[in-house]
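The values are calculated or read from the model by the stated rules, or taken from the named source; none is laboratory data. Keep in mind that what you see is a predicted model, and the values were worked out from it rather than measured. For neighbour counting, all protein chains shown are included, and Cβ atoms are generated from backbone atoms with ideal geometry for every residue, glycine included. We work out accessible area using only protein heavy atoms, side chains counted, and drop any ligands, DNA or RNA first. Shrake-Rupley method; radii C 1.70, N 1.55, O 1.52, S 1.80 Å.
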Amino acid sequence: MQKPRTVRRLPRLALLPLLFATAAAHAATDPLAPTAHWSAYAAGRAAMPPMGWSSWNAFGTDIDEAKILGAAQRIVDSGLAAKGYRYINIDDGWALRRRQPDGRLVARPDRFPSTAAGGFRPFTDKLHAMGLKAGIYSDLGRNTCSQAYGGDDPNLPKGSVLEREVGLYGHIDQDIALFFRDWGFDFIKVDGCGLRAYGADSPKVKSGDYRALKPVLDLESVTRSDIPAVQAEFTQINAALKRNNPDGDFLLSLCVWGAADVRAWGKDFGNISRTSDDIRPNWPRLLSNYDSAARRELYAHPGSWNDPDMLFIGAGDFDANHLVEAKSHFALWAMLNAPLMTGADLRTTPQALMDIFGNADIIALNQDPAGNQAVLAYDADDVQILVKTLASGEKAVAIFNRGLAPVDADLTAQHLKFRKDATVTLTDLWSKENSAFTNETKVRVAPRETKIFRAQGTRELAQGLYLSEQPGSVNPAVDGVTKPQADPTIFRSSFGWTGTKGQGERPMYAGWGGARADSTPYGQTLRIAGTTYASGIGILANSRLEVRNHDYRRLNTLVGVDDSAQDRTHAVTFMVYGDGKLLAKSRALRWGQPAQALTLDVAGVKVIELVAKSAGTANEQLPVSWGNAALQ
Ligand code: GLA
């Protein structure tokens, strides 16, 4: 291996012209120009993943006040509220109609008697008095998902075509003001069926019961989705949320099920964003939903989390007769920094399951303030090892047995980025047992079990962290993906509601080729000119990463075109900016050329930007690696 050369720091004077080429001037035209700020979503209240309860998994549209307040009461009485479960969310099924001609929404008075005098304010007052927060549900389109897919559900809105249009479309300002200002809600889930299921040819529209709205969301196909149209509506919703929440105390939940490449941009538009279709209470569906978020570690940060859907603990494969599966579900969601939204009828949930929701040690991992989603340290089809770096510098590690045979997994200090010559201690977060090892140990994991530990050891970088250890502080503002492709690594399950009819579920969640921690965008080991890197960021060329700097002084990395690149022609130049100023620039590097070391002073810098620029336009063929990228 050729020794990488250290880049020369640019002399101060040489930087002057660059200082004036500020972010603002370039931003409109050049997405790779530094902006000197963190652009992922930071509005609302989601510094940590939200926790709470939602009505959907237990009740569908068959909801009423007693069921919801019953859940709220159990959350408080059981001590879950004190542990952070706060949001009590009404999902689809609450609306009776949109009153004409003023367009004001009316809740179902038979199911929500306290709304009879004018709305949900008495109801949200009750939840607030219990120390809880209240969530409501709406849709991007004119109609909701149960209206689209609920058949002859008696709980659907009633009245004329216009009265049954209870979604946000055409009423964004009016409805957001009603929900947040008048009714006092704190959370809104915005579903997308209204922009998906009401094409002019759909039976719903042909029947005359619903007005047509051109579909812009297509779950099966990213190329048939109109991404800017979907984003434009979320922009309007955000403006309305801001106007109607002067104190900023709101939470926006995007629910377009991984469609329209939202796994790449949800982080810029809302606090939580669904990465897949609905979870069902069966193991294969858990795998799909988990997979849809598991490799998106760089797309989740404080304020903007991946949402693989609500917990289904309490039903089917996750009921009290399946504690192994139920505990896996909880541990995995915690490691992914997923919202912890229970979906069970808590009034009757057995204590064994309540104890799972209440595992304070696992909740603490999910709520860790550093906001680092777990990174896959080992990734096979049957066993995966996920490692999450905590604010304290300790690690959480989960060993997930996806399959049906027991496994004796090797857990190594290297998986944890701990030194192999120092003791590693493990605390099992279910049994609370402690153990210790040096270098490596074996862990027996039963079928479908997830072993989850808190781990202490000596970090490889005693004074710092690899960027891949802190995905919560790394935002792929521009990830270089120009042609969104479906991700083939997501488990495809057969849906309960269609059985094995048709051709089954094809890869459909775009995001393949997105930025990764400790991996190339396409799942290969990071490798530049024959040298592999166990740590680093893999991303396509023509990309810009934003990094929040938590008082570190130096950034070191070895950069180059990754050996997995098919483009052997175009060179890539790597640039590092500190608060908008150029700090270092590599030579133009092509495939096969040895990595170049960049070592720079970032003392006092708040936002570091890592830009990889190429004249090549087929970025998908030009993955680059920021090998061993670390802050110290
Ligand atoms: C969609 C969402 C679900 C739920 C239902 C309500 O399917 O993905 O989470 O909100 O709509 O109809």
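Surface listing: 37, 301, 415, 570 arranged by accessible area from highest to lowest gives 37, 570, 415, 301, probe 1.4 Å. Counting pairs of Cα atoms in region 555-617, how many percent are more than 18 Å apart? Above the 18 Å cut-off, region 555-617 has 36 percent of its Cα pairs.
Heavy atoms only, 1.4 Å probe, whole protein assembly: order 459, 590, 492, 98 by accessible area, highest first.
Per-residue accessible area, sorted high to low, gives 492, 590, 459, 98.
For region 375-462, the Cβ-based charge dipole about the Cα centre amounts to some 260 debye (Lys, Arg positive; Asp, Glu negative; other atoms uncharged). Applying 1/(1 + (r/R0)^6) with r as the Cβ-Cβ distance of residue 433 and residue 587 and R0 = 41 angstrom yields a FRET efficiency of 0.20. Under the classification rounded if a/c is under 1.5, otherwise prolate if a/b is larger than b/c and oblate if not, where does the chain fall, given a ≥ b ≥ c as square roots of the Cα gyration tensor eigenvalues? Cα axes put the chain in the prolate bin.
Estimated from the Cβ-Cβ distance and a Förster radius of 35 angstrom, the FRET efficiency linking residue 163 and residue 226 is about 0.80.
Filter the chymotrypsin sites (Phe, Trp or Tyr not before Pro) in region 365-444 down to the DSSP loop ones having no more than 15 other Cβ atoms within 10 Å, then list what survives. Walk me through the numbers before you get to the answer.
Details: sites: 378, 400, 418, 430, 437; in loops: 430.
Sparse-neighbourhood loop chymotrypsin sites (Phe, Trp or Tyr not before Pro): none present.
Annotation for residue 632 and residue 62: the two label points, set 7 Å from Cα along the Cα-Cβ direction, are 6.2 nm apart.
What share of the DSSP beta bridges in region 51-366 is antiparallel, in percent to the nearest 5? Just about 15 percent of them are antiparallel. Heavy-atom accessible surface of residue 243, to the nearest 10 Å², is about 130 Å², with a 1.4 Å probe and all protein chains retained.
Label-to-label distance, residue 37 versus residue 462, with points set 7 angstrom from Cα along the beta-carbon direction: 4.0 nm. Between residue 360 and residue 202, the simple spin-label model (points 7 angstrom out along Cα→Cβ) gives 4.7 nm. For residue 417, the aspartates and glutamates whose Cα falls under 13 Å of its own Cα, not counting residues fewer than eight places away in the same chain, are 394, 440, 460, 469, 518. If a spin label sat at a point 7 angstrom from the Cα of residue 615 along the line to its beta carbon, the backbone N atoms of region 566-591 nearer than 18 Å would be those of 567-575, 586-591. Computed over Cα pairs, the Kirkwood radius of region 375-462 leads via Stokes-Einstein (1.567 mPa s, 4 °C) to a diffusion coefficient of 100 µm² per second.
Among the listed pairs 483/606; 420/585; 388/613; 420/442, a Cα-Cα separation exceeding 25 Å is found for 483/606; 420/585; 388/613.
Restricting to the chain, what percent of DSSP beta bridges are antiparallel, rounded to 5? Walk me through the numbers on the way to the answer.
Working: 85 of 111 bridges.
In the chain, DSSP labels about 75 percent of beta bridges as antiparallel.
Placing unit charges on the Cβ atoms of the charged side chains and taking the dipole of the chain about its Cα centre, the candidate lying farthest along the positive direction among 538, 66, 81 is 538. If R0 is taken as 35 Å, the Cβ-Cβ distance between residue 485 and residue 410 corresponds to a FRET efficiency of 0.60. Counting only cysteine Cβ atoms and a cutoff under 4.7 Å, the chain contains unmatched residues 255.
Please list, by residue number, everything in region 577-607 whose backbone N is under 16 Å from a paramagnetic label point 7 Å out along Cα→Cβ of residue 551. Only 602-607 fall inside the zone, counting backbone N under 16 Å.
For region 466-631, report the accessible area per residue in Å² (1.4 Å probe, heavy atoms, rounded to an integer).
Values: 6120 Å² over 166 residues.
Solvent-accessible surface per residue comes out at 37 Å².
Please give the charge dipole size of the chain, origin at the Cα centre, charges +1 on K and R Cβ atoms and -1 on D and E Cβ atoms. Round to the nearest 20 debye.
On the way: 71 positive and 69 negative charges, 325 e Å.
Here the size comes out at about 1560 debye.
Could you calculate the contour length gain from residue 568 to residue 99, that is, 0.36 nm times the residue separation minus the distance between their Cα atoms, to one decimal place in nm? Don't jump to the answer; show the numbers that get you there.
On the way: separation 469, 0.36 × 469 = 168.84 nm, distance 6.27 nm.
Gain in length upon complete extension: 162.6 nm.
Hey, any idea what Rg/Rh is for region 127-281, computing Rh the Kirkwood way over Cα pairs? Let's see the in-between values first.
Working: Rg = 15.6 Å, Rh = 16.1 Å.
That ratio equals 0.97.
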